[in-house]
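First the structure, in the form of structure tokens, and then the observations on it.
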Amino acid sequence: MQKIFCFLVFTLFTCALYSQTPQTQGDSTRVENDSLKKKAFLRQIGNGFFPTKFLNIDLKYLFKFNQYEGIRTGLGGETNEAFSEKYRLDSYVVYGFNDHRFKYKIGGGFRVNEDTSTWIDLSYTDDLQETGSSTFLTDSRLFSFFEPRLLNIDLFHKHITKAISVQHNFSSHLISETELAISKIDPTYNYVFNVDGTSFRNFDVSTAKLSLQWSPFSTFDNTDGRIEEVKDGYPKFSLQLTQSFKDVLKGDFNFTKVDFRTVHRFTFNDDVFTEAIVRGGLATGKAPLTHLYHAYPNNITKETILQRFSVAGINSFETMYFNEFFSDRFATLQIKHYVKPFKITERYRPQLVLISRMAIGSMHDIDRHQNIDFGILDKGYSEAGFEINKLLFGFGLSFAYRYGGYHLPELGDNIAAKFTFNVSL
């Protein structure tokens, strides 16, 4: 952060000098090139990378915290085009101070086709993953200086994963990634998966994934041979298919998963808009809890509202307690309406966001999952609330209320009060 601060001060000082000095045509060209470089630098920082000559340092590995590892810190990065336009390396190493264990990834790839941005990557990963989490391979890199949900997660499983993947762009609007992987799974909690009379405390999973992301209304630009999204267009669609194979490369289970997400935004003007996110997942076959679904809970199991005061997530259920529900099929709807910011001064403009979230789900053969207690979402889960963002230095406040089929007897148990954090470069 000191480097960034010094860079910004230097940038402002340089701009001030130039504003006082007459410029020649050569000076003007040089200033314009410097400005472009500075914008590119800030865009890299905003994407979570600190660029160097041959390596982009990955900022997301510098510092994190969760309930299992405690402080998690390390270093990671990926090579850039100055290193090679046809080959790349992507690796990291981190250390958890509570579990006293190193985690790491060793990865790299090579480009097959420049026009379609087709890459083949190989990786070996020894790390933790949150149980019940499900991500899309094609998700663009989402970086945050602060990851709210991570602070309170305590249910992880260890995994050692060997994978080969292919990234391919059918067009700038339709991108894909295919992955073949074998994983050794070892839950960090006392969990037993009982299948056909056999109890598994740890297991092997062999999977094939196909992930597609379609952004038909976005605008893209080809910059230095790389396609970048320069203007968001809505709606956007993501689809992912997963197949696990028994007795293939020592895989223990057969199961199939289908994940879907669509994001749409109704824009009224630059400041006022409504965002709707629909997400669903379906798992059939003999899938362990590690590969099923939660509904993105973000509430700590403590007695009072103040004891539960923490940080609100971006797209999480703020009143749903961690590990309260799991599903093998679920759907969620989240609606956020961004009200026009309050113009207190030219620079101080807090913004009110009205929020409504709903979830429904179920689970077949719940008795397979032993030594762990959880509920299912067959009654339909509902919460509503609001945020007041950017009150001070990017911080704000969030309030949510749980109602409907899973309303709790004690009023205070249905309320979540938290602070928010929003910052952008």
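Here's the yes/no breakdown for (1) surrounded by fewer than 17 Cβ atoms within 10 Å (Cβ to Cβ); (2) in the same structural domain as residue 292 (by TED's automatic domain parsing); (3) touching a Ser or Thr at 6+ places or on another chain (Cβ under 6 Å):
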{"residue": "358", "(1), (2), (3)": "no, yes, yes"}
{"residue": "373", "(1), (2), (3)": "yes, yes, no"}
{"residue": "379", "(1), (2), (3)": "yes, yes, no"}
{"residue": "382", "(1), (2), (3)": "no, yes, no"}
{"residue": "390", "(1), (2), (3)": "no, yes, no"}
{"residue": "395", "(1), (2), (3)": "yes, yes, no"}
{"residue": "400", "(1), (2), (3)": "no, yes, yes"}
{"residue": "412", "(1), (2), (3)": "yes, yes, no"}
Selection status of residue 177, modelled with pLDDT of 95 or more and under 26 Å from residue 374 (Cβ atoms): no
Filter result (polar (S, T, N, Q), outside any strand (DSSP E or B) and in contact (Cβ under 8 Å) with a residue 12 or more places away in the chain) within segment 270-312: 290, 301, 304, 310
Selected residue [under 29 Å from residue 217 (Cα atoms) and modelled with pLDDT of 95 or more] from 192, 166: 166
Unmet requirement for residue 186, which otherwise passes all of (1) at pLDDT below 95; (2) out of contact with any Ser or Thr (no Cβ under 9 Å at 6 or more places or on another chain): (1)
Residue among 174, 212, 155 that is over 30 Å from residue 88 (Cα atoms), under 22 Å from the mean Cα position of the chain (by Cα) and in the same structural domain as residue 231 (by TED's automatic domain parsing): 155
Residue selected from segment 82-123 under the condition outside any strand (DSSP E or B) and in contact with an Asp or Glu (Cβ under 9 Å, 6 or more places away or on another chain), by the criterion nearest to residue 56 (Cα to Cα): 85
The listed residue being in contact (Cβ under 8 Å) with a residue 24 or more places away in the chain and part of a loop (DSSP other than H, G, I, E, B), out of 388, 372, 360: 372
Residues of segment 391-422 satisfying the condition of being part of a strand (DSSP E or B), among the aliphatic types (A, V, I, L, M) and farther than 23 Å from residue 326 by Cα: 391, 392, 397, 417
Search result, residues across segment 325-350 that are in contact (Cβ under 8 Å) with a residue 60 or more places away in the chain and either in a strand (DSSP E or B) or more than 14 Å from residue 296 (Cα to Cα) (or both): 335, 336, 337, 338, 339, 340, 341
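The values are calculated or read from the model by the stated rules, or taken from the named source; none is laboratory data. This one's a predicted model, so the numbers in the text were calculated from it and none came from an experiment. Don't worry about glycine lacking a Cβ; one is built from the backbone with ideal geometry, like all the others, and counts go over all protein chains shown.
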